[in-house]
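J.: Questions regarding the structure given below will be posed in turn.
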Amino acid sequence: MSTAQFVPLRFNWKTGLLAPGLLLVTSSAVFAHNIEKHFKVEPRSVVTIHNPNGKVVVKAWTKSEVMVIATHASDKVEVDAEQTGNRVDVMTHQISDSISPDDLRADYQINVPEDAELQIHDDSGQVSVANVLGDMNVETVGAGVDLEDAAGYLTVRTVGGSFQCIRCAGRLEVSSISGSFKLLSLRSYHVHAQTSKGNILFDGEFLPNGIYRLKNYSGVIEVHFSPGDSFDLSATSLKGKVNSQASLTPPAHAHPVYSKFGNAILGTFNAGHAKVELSSFDGTINILKRE
Amino acid sequence: MATVNCKDFQGRFELPEDSPRSSSPGDLSVQAHLRDCPSCRSFIEDLGKIRAAAAQLLASDPEPPARIWFSLRAELEKEGLIRDTPSKTPSKSWVRELFSGRFTALPRPVLAGGYLAALLAIAFGLSGPINSRINRQRWLDGTQSSTEPLSAQLTSAEKASFSSFPASESPVTASLHQNLEIVDNYISLCENSVREEPENELAREYLYEAYQQKADLLAQLNEQ
């Protein structure tokens, strides 16, 4: 097991003495603790990040190593980064009993190999991941999560944080209480997105044999489709409205529950290769033609 | 004694008050036809069964809804079988009157048909709402028996969580509380929806998921 070797704090005393006004303005940056560490890894490495508060930015690169750059302002926290086999664990932890939420803040910039698996926990702040193709598990409370060009098995769980996924592929499972979701240019064969109070926007491909389940209690579920798409649709809102611009072939067998309770639109668009299930308690569901 | 054919028999036979098997004592030719003709015997037996069943229904409590009588009467009037204006407030006495000789002027097959229609209408009118009520109650009982322990457990866990929280809240804890309120609100909405439509499995599904979300949130609160 290797332990973190921190790059020393870079503090320019001359600048501080010559420009006291500037020093006051940028005092938090000047006293920030900067940490940089590199770990050589094998293919399919695992990187875990546990950060109570702050920004976590992860990007893939072509090197077979993990680079961690961390910044934190307070002396009451420290950042650990250590390697065990092919796993790198990064963690912010408090070293003082009395600590304010702001003291807990640490920001990370992490570069990983493309095939790395990520496990990220960030209560508040923001999580951004780009170009990582390994499996990913992200859990937050208030932090928003942005994924770009991700693949693999993606599971995202927030309490109030929003979620955005652009050009994601693979399998996606995302849940939240009050966060909204934007799933754009998606190429996933399995999407399960559930939020209670948030909106869900799906603008992606419906792959053959793909399953797409979007669910909320209130808010708007909006799904865009193209004339060439092929899916079986089931859209139900118990207390709200369902609007569809898709010309559907009615199902051979009516579903008594859907037709008896709430508002429902069921049917097949083209050959019905994918399965699309949209449901809401009292929200609105819109199925719209892509512009 | 004159020969009585089936048509004459149905016109002349009178169903006695207490027994459907005997006719008016004086009409021997009618009685002879009844004895010899299996078809008319079967007809009279059916008529007797219908009357017995009707009497049983009349004696049963609760009284069929007024709309049954209105629709029956409207149907008979539409068929041109009766012409009287119905009473504004139907009652048992009106019903008894209806079945106790008001239609004696009508041909017997028509009367039998009327009885049968009445029976069917009453049976249909009563069975639907009763079955529906029983089903709803069963669903409600089933849902309550599964959700009440859950709800109680969650309430107790919530109390325990709140009592262990420090006085000052971090933004994360505040966010968890805020979202807990959202989930509580959905639980309340779903519970109302399930009470209104206990057989609605989608509403139940939403309720169970809201409970699950609350449990998850309480667990996260405890981790803070």
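The values are calculated or read from the model by the stated rules, or taken from the named source; none is laboratory data. What you are looking at is a predicted structure, and each value in this text was computed from that prediction instead of being measured. So basically every Cβ, Gly included, is an ideal-geometry build from the backbone, and we count neighbours across all protein chains shown.
J.: Condition first: within 14 Å of chain B (Cβ to nearest Cβ) and surrounded by 24 or more Cβ atoms within 10 Å (Cβ to Cβ). Now tell me which residues in region A:126-148 satisfy that.
T.: Result: A:140, A:141, A:142, A:143.
J.: While we're on this one: So which of B:105, B:121 is modelled with pLDDT under 75, outside the structural domain of residue B:206 (by TED's automatic domain parsing) and not in a helix (DSSP H, G or I)? First the steps, then the outcome.
T.: On the way: B:121 fails: not in a helix (DSSP H, G or I).
Only one candidate qualifies: B:105.
J.: If you scan region A:126-174, which residues turn out to be over 18 Å from residue A:49 (Cα atoms), part of a strand (DSSP E or B) and among the small types (Gly, Ala, Ser)?
T.: A:169, A:170
J.: I'd like to know if region A:111-122 contains one or more residues that are within 27 Å of residue B:177 (Cα to Cα), of a type outside the set (S, T, N, Q) and crowded, with 24+ Cβ neighbours inside 10 Å. Give the steps one after another, and end with the answer.
T.: Here is the first cut: in region A:111-122, the ones within 27 Å of residue B:177 (Cα to Cα) are A:119-122.
Then drop every residue that is not of a type outside the set (S, T, N, Q), which leaves A:120-122.
Next cut, crowded, with 24+ Cβ neighbours inside 10 Å only: A:120, A:122.
Scanning region A:111-122, I find at least one residue that is within 27 Å of residue B:177 (Cα to Cα), of a type outside the set (S, T, N, Q) and crowded, with 24+ Cβ neighbours inside 10 Å, so the answer is yes.
J.: For region A:186-197, how many residues meet the condition of being over 22 Å from residue A:151 (Cβ atoms) and over 15 Å from the mean Cα position of the chain (by Cα)?
T.: Step one: filter region A:186-197 for residues over 22 Å from residue A:151 (Cβ atoms), giving A:195-197.
So of that shortlist, the ones also over 15 Å from the mean Cα position of the chain (by Cα) come out as A:196-197.
The qualifying residues number 2.
J.: Does residue B:183 satisfy being at the interface with another protein chain (Cβ under 10 Å from one of its Cβ atoms), surrounded by 15 or more Cβ atoms within 10 Å (Cβ to Cβ), of a type in the set (A, V, I, L, M, F, W, C) and in contact (Cβ under 8 Å) with a residue 12 or more places away in the chain? Can you show your working first?
T.: On the way: at the interface with another protein chain (Cβ under 10 Å from one of its Cβ atoms): yes; surrounded by 15 or more Cβ atoms within 10 Å (Cβ to Cβ): yes; of a type in the set (A, V, I, L, M, F, W, C): yes; in contact (Cβ under 8 Å) with a residue 12 or more places away in the chain: yes.
Yes; evaluated as a whole, the condition is true for this residue.
J.: Okay, moving on. Does residue A:184 satisfy the criteria of being in contact with a Gly (Cβ under 8 Å, 6 or more places away or on another chain), away from chain B (no Cβ under 14 Å), surrounded by fewer than 24 Cβ atoms within 10 Å (Cβ to Cβ) and touching a residue at least 12 places away in the same chain (Cβ under 8 Å)?
T.: On the way: in contact with a Gly (Cβ under 8 Å, 6 or more places away or on another chain): yes; away from chain B (no Cβ under 14 Å): yes; surrounded by fewer than 24 Cβ atoms within 10 Å (Cβ to Cβ): yes; touching a residue at least 12 places away in the same chain (Cβ under 8 Å): yes.
Criteria met by residue A:184.
J.: Go through (1) more than 12 Å from the chain's Cα centre (by Cα); (2) under 19 Å from residue A:277 (Cα atoms) for residue A:183 and report which single condition fails.
T.: Just one mismatch for residue A:183, condition (1).
J.: Let me ask another. Given the structure, is residue B:161 facing chain A (nearest Cβ under 10 Å), at pLDDT below 90 and over 24 Å from residue B:133 (Cα atoms)?
T.: So residue B:161 fails the test.
J.: Which one of the conditions (1) in contact with a Lys or Arg (Cβ under 8 Å, 6 or more places away or on another chain); (2) within 13 Å of another protein chain (Cβ to nearest Cβ); (3) under 24 Å from residue A:169 (Cβ atoms) does residue A:198 fail to meet, given that it meets all the rest?
T.: Here residue A:198 clears every test but (1).
J.: OK, next. Return a yes/no flag: does region A:264-273 have any residue that is under 28 Å from the mean Cα position of the chain (by Cα) and either surrounded by fewer than 18 Cβ atoms within 10 Å (Cβ to Cβ) or part of a strand (DSSP E or B) (or both). Don't jump to the end; show me each part of the working.
T.: First, the residues of region A:264-273 that are under 28 Å from the mean Cα position of the chain (by Cα): A:273.
Then drop every residue that is not either surrounded by fewer than 18 Cβ atoms within 10 Å (Cβ to Cβ) or part of a strand (DSSP E or B) (or both), which leaves A:273.
Yes - at least one qualifying residue is present in region A:264-273.
J.: Right, something else. Working carefully through the options A:161, A:210, A:179, A:219, find the one that is touching a residue at least 60 places away in the same chain (Cβ under 8 Å) and within 13 Å of chain B (Cβ to nearest Cβ).
T.: On the way: A:161 fails: touching a residue at least 60 places away in the same chain (Cβ under 8 Å); A:210 fails: within 13 Å of chain B (Cβ to nearest Cβ); A:179 fails: touching a residue at least 60 places away in the same chain (Cβ under 8 Å).
Exactly one of A:161, A:210, A:179, A:219 is touching a residue at least 60 places away in the same chain (Cβ under 8 Å) and within 13 Å of chain B (Cβ to nearest Cβ), namely A:219.
J.: From the list B:201, B:196, pick out the single residue that is within 10 Å of another protein chain (Cβ to nearest Cβ) and at pLDDT below 90. Before you say what the answer is, go through the steps one by one.
T.: Working: B:196 fails: within 10 Å of another protein chain (Cβ to nearest Cβ).
Result: B:201 is the single residue among B:201, B:196 that is within 10 Å of another protein chain (Cβ to nearest Cβ) and at pLDDT below 90.
J.: Restricted to region A:42-77, and to residues that are of a type in the set (Ser, Thr, Tyr) and outside any strand (DSSP E or B), which residue is nearest to residue A:118 (Cα to Cα)?
T.: Quick first cut of region A:42-77, residues of a type in the set (Ser, Thr, Tyr) only: A:45, A:48, A:62, A:64, A:71, A:74.
Add one more test, that the residue is outside any strand (DSSP E or B), and what stays is A:45, A:62, A:64, A:74.
Values: A:45: 9, A:62: 16, A:64: 15, A:74: 26 Å.
Out of the qualifying residues, it is A:45.
J.: Still on this model: Restricting to region A:74-96, give me the number of residues that are farther than 23 Å from residue A:43 by Cα, crowded, with 20+ Cβ neighbours inside 10 Å and of a type outside the set (Ser, Thr, Tyr).
T.: So the count comes out to 2.
J.: When residues of region B:32-47 are filtered for being among the small types (Gly, Ala, Ser) and either touching a residue at least 40 places away in the same chain (Cβ under 8 Å) or under 20 Å from residue B:113 (Cα atoms) (or both), how many remain?
T.: Keep residues of region B:32-47 that are among the small types (Gly, Ala, Ser), which gives B:32, B:39, B:42.
Retained after the next criterion (residues that are either touching a residue at least 40 places away in the same chain (Cβ under 8 Å) or under 20 Å from residue B:113 (Cα atoms) (or both)): B:39, B:42.
Total meeting the criteria: 2.
J.: Only one of these is crowded, with 17+ Cβ neighbours inside 10 Å and without any contact (Cβ under 8 Å) to a residue 24 or more places away in the chain: A:171, A:167. Name it.
T.: Working: A:167 fails: crowded, with 17+ Cβ neighbours inside 10 Å.
Step by step, each of A:171, A:167 is checked, and only A:171 is crowded, with 17+ Cβ neighbours inside 10 Å and without any contact (Cβ under 8 Å) to a residue 24 or more places away in the chain.
J.: Search region A:78-125 for residues being within 14 Å of chain B (Cβ to nearest Cβ) and in a strand (DSSP E or B), and hand back the single one that is nearest to residue A:38 (Cα to Cα).
T.: Step one: filter region A:78-125 for residues within 14 Å of chain B (Cβ to nearest Cβ), giving A:92, A:94, A:97-105, A:121-125.
Filter once more, so that each one left must be in a strand (DSSP E or B): A:92, A:94, A:105, A:121-125.
Values: A:92: 17, A:94: 23, A:105: 22, A:121: 21, A:122: 22, A:123: 25, A:124: 26, A:125: 24 Å.
Per the stated criteria, the residue is A:92.
J.: Of the residues in region A:260-280, how many are within 14 Å of chain B (Cβ to nearest Cβ) and of a type outside the set (D, E, K, R)? Break it down stepwise before answering.
T.: Just the residues of region A:260-280 that are within 14 Å of chain B (Cβ to nearest Cβ), to begin with: A:260-264, A:266, A:277-280.
Right, trim to of a type outside the set (D, E, K, R) and you get A:261-264, A:266, A:278-280.
The number of residues fulfilling the criteria is 8.
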